[in-house]
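In what follows, a structure is listed as structure tokens, so that the remarks can point back to it.
Read-outs throughout are calculated quantities, based only on the coordinates presented, and are distinct from any laboratory measurement. Fair warning: this is a prediction, and the values are worked out from it, not measured in the lab. Virtual Cβ from ideal backbone geometry, glycine too; neighbours counted across all protein chains shown.
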Amino acid sequence: MHFFKFKNNELYAENVAVRKIVKKVGSPVYIYSLGTFLDHFLKIKRAFASIDCLICFSVKSNSNLTVLKTLTKAGSGLDIVSGGELFKALKAGADPKKIVFASVGKTEEEITAAVRAGILSFNVESEDELEAINRVARRLNRRQNISLRINPDVQPKTHHYITTGSKGNKFGIDMETAFRLYVEAFKYPYLKFNGVHLHIGSQITVSTPFVKAIRRASDFVNRLRRAGVPIEVLNIGGGLGIIYSNEQPQTAEQYAAAVLPVLKKLGVRIILEPGRFVSGNSGILATRVLYWKSSPTKTFAIVDAGMNDLIRPSIYGAYHEIVPVVAKKKAKIISGVDIVGPICESGDFLGKGRKLPRLIQGDLLAVMSAGAYGYVMASNYNSRPRVAEVVVRGSKFAVARKRETFADLVRGESILDV
Ligand SMILES: *Cc1c(COP(=O)(O)O)cnc(C)c1O
């Protein structure tokens with residue numbers, strides 16, 4: 001369920017016409033439905049209500065401050081992956097005691113800032129990192145909770161760029177090494193090894209790989225307990241898939257039903273780190289048609305948004321539904337249309353081979369399901385200012401982040417005479 005729906009032949013974000021937002025704010029523009037963010041967050045929360053559990057929204061999927069504020073006010077924790085995300089999380093007013101920090105390459109500065117802030121836990125990805133956190137915690141005289149991110153070696157069926165829990169990728173620690181590290185926890189007096197973390201990948205639409213990975217983690221926790229290592233928390237990561245086109249992903253309830261039996265038997269506190277599930281269908285990217293171009297072999301809709309605004313189609317071959325914001329009932333339907341941006345790269349496209357009504361200059365298109373890994377991956381490539389982010393709640397909308405200006409493009413730059 002999301003709150004982008006057609007009413008009277010035009011697309012609405014909650015109760016606001018997308019056309020009206022673009023008229024006021026310009027295009028391209030990201031539009032977020034805060035109601036959808038909350039609805040999806042609450043779906044997971046309810047599905048796991050029968051167990052002690054903390055949901056930490058994955059900030060890397062959408063780090064808009066208003067979004068973070070909205071979710072944390074509703075009780076969400078946050079899953080961060082950098083010092084910058086820590087900064088934004090705290091800026092949005094998040095409770096540090098509900099922040100978990102994952103990343104294979106945390107710097108000493110990032111670790112220091114996070115220990116100082118008093119975050120709930122680090123998800124640790126190497127032995128070297130354990131030493132670094134222990135060193136920082138000693139210096140600050142704190143005892144820091146940590147979980148090791150184990151690599152359960154499962155292979156979920158998803159794009160190979162977004163699998164993270166199989167042998168041979170850079171994430172996590174193999175189970176044998178991890179076991180040794182837990183047993184040797186006494187070597188790190190400033191760390192409390194009270195949790196186990198896993199995150200097996202993204203856009204996973206079936207429960208089987210999750211169940212398999214959680215079973216392995218559960219056996220691992222039991223093995224640790226037998227060895228005298230008390231584990232209180234199991235962080236099962238994110239990765240829940242969503243509908244981009246015709247996927248039929250598990251619902252939050254189905255996911256919970258599949259994994260809860262294993263988790264309940266274990267008697268631990270659960271942490272979840274959903275990103276895309278909460279943010280993916282909560283946002284769209286609205287863009288304007290600049291030109292329509294036909295050759296004997298192809299038709300192109302050239303729009304004002306490009307791969308610098310939304311890179312998922314270019315790098316993952318990701319599919320996003322693309323629909324006219326105002327239905328063109330009478331226009332001829334054209335097949336095989338590529339929707340491309342203005343950037344000087346052949347990889348600059350938002351969709352390929354689509355069926356669209358014949359569009360004209362100025363028509364608006366909505367790129368759907370762009371709330372996750374959209375704006376956060378935007379760049380200034382081709383010296384294009386980053387677009388605005390608008391939030392909608394009911395009948396109201398507001399610019400949550402201004403469109404960048406040309407002045408923003410040269411901020412921090414000096415013209416050196418060398
Ligand atoms: C990216 C990431 C997530 C969120 O993944 P989604 O597929 O968006 O749910 C959760 N945990 C970790 C450690 C991540 O790196």
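A few notes on this one:
- Checked against a 30 Å cut-off, the cross-linked pairs 298/328; 43/106; 5/330 give Cα-Cα distances beyond that limit for 43/106.
- Between 13, 114, 257, the residue with the greatest mean-square fluctuation in the GNM of the chain (Cα pairs under 10 Å linked by springs) is 257.
- Residue 127/residue 294 FRET efficiency (R0 45 Å; Cβ-Cβ; nearest 0.05): 0.15
- Between residue 99 and 78, 120, 121, the built amide H atoms are under 5 Å apart, and every one of these is 5 or more places off in sequence or on another chain.
- Applying a DSSP loop filter and a limit of 11 other Cβ atoms within 10 Å to the trypsin sites (Lys or Arg not before Pro) in region 365-418 leaves 411.
- Spin-label pair residue 51/residue 227, simplified geometry with 7 Å Cα→Cβ offset, distance in nm: 2.3 nm
- For the chain, the longest principal axis of the C-alpha atoms and the axis of helix 252-266 are separated by about 10°.
- The dipole here belongs to region 63-274: it is taken about the Cα centre, uses +1 on the Cβ of Lys and Arg and -1 on the Cβ of Asp and Glu, and is about 640 debye.
- Gyration tensor (alpha-carbon) shape descriptor, region 63-274, a/c threshold 1.5: oblate
- Helix-only CD estimate at 222 nm, as mean residue ellipticity for the chain, using -39500 (n - 2.57) per DSSP H run (n ≥ 4): -8500 deg cm²/dmol
- Amide H contacts of residue 275 (H built 1.01 Å from N, under 5 Å, at least 5 apart or other chain): 58, 239, 240
- HN-Hα J in Hz across region 363-371 - Karplus 6.51, -1.76, 1.60, θ = phi - 60°, x for Gly and Pro: 5, 9, 10, 10, 8, 7, 6, 10, x
- Segment residue 39..residue 333, full-extension length gain: 102.4 nm, with 0.36 nm per residue of separation and the alpha-carbon distance subtracted.
- Its Cα centre serving as origin, the chain has a Cβ charge dipole (Lys and Arg +1, Asp and Glu -1) of approximately 1320 debye.
- Relative contact order (%) - region 63-274, alpha-carbon pairs under 8 angstrom, separation at least six: 16 percent
- Compared with the dominant Cα axis of the chain, that is its longest principal axis, helix 34-47 is turned about 40°.
- Using a Gaussian network model of the chain in which every pair of alpha carbons under 10 angstrom is joined by a spring, one finds that among 245, 82, 379 the greatest mean-square fluctuation is at 245.
- For region 376-384, 3J(HN,Hα) per residue [Karplus equation, 6.51 cos²θ - 1.76 cosθ + 1.60, θ = phi - 60°, Hz, x = Gly/Pro]: 4, 9, 5, 9, 9, 3, 6, 6, 9
- The chain - Rg and Dmax from Cα coordinates, angstrom: 22.8, 73
- Using a Gaussian network model of the chain in which every pair of alpha carbons under 10 angstrom is joined by a spring, one finds that among 307, 377, 368 the greatest mean-square fluctuation is at 377.
- C-alpha long axis of helix 108-117 to longest principal axis of the chain, angle in °: 80 degrees
- Rounded, prolate or oblate (a/c below 1.5 giving rounded, otherwise prolate when a/b exceeds b/c) for region 341-418 by Cα gyration tensor: oblate
- Modelled spin-label separation between residue 315 and residue 116, with each label point placed 7 Å from Cα along the Cα-to-Cβ direction: 2.9 nm.
- Annotation for residue 24 and residue 183: the two label points, set 7 Å from Cα along the Cα-Cβ direction, are 6.3 nm apart.
- Charge dipole of the chain about the Cα centre (unit charges at C-beta), most positive-ward option of 72, 177, 123: 72
- Among beta bridges identified by DSSP and lying wholly in the chain, the antiparallel ones come to about 45 percent.
- Average Cα contact separation per residue, the chain, under 8 Å, 6 or more apart, as relative contact order %: 20 percent
- Length added when fully stretched, residue 9-residue 176, from 0.36 nm per residue minus Cα-Cα: 54.3 nm
- With R₀ set to 60 Å, the beta-carbon distance separating residue 248 from residue 380 gives a calculated FRET efficiency near 0.95.
- Extension gain from residue 355 to residue 398, taking 0.36 nm per residue of separation minus the Cα-Cα distance: 12.3 nm
- The H on the amide N of residue 13, modeled in the peptide plane, is under 5 Å from the matching H of 18, each at least 5 residues off or on a different chain.
- Computed from point charges on the beta carbon alone (+1 for Lys and Arg, -1 for Asp and Glu), the dipole magnitude for region 261-357 about its Cα centre is near 540 Debye.
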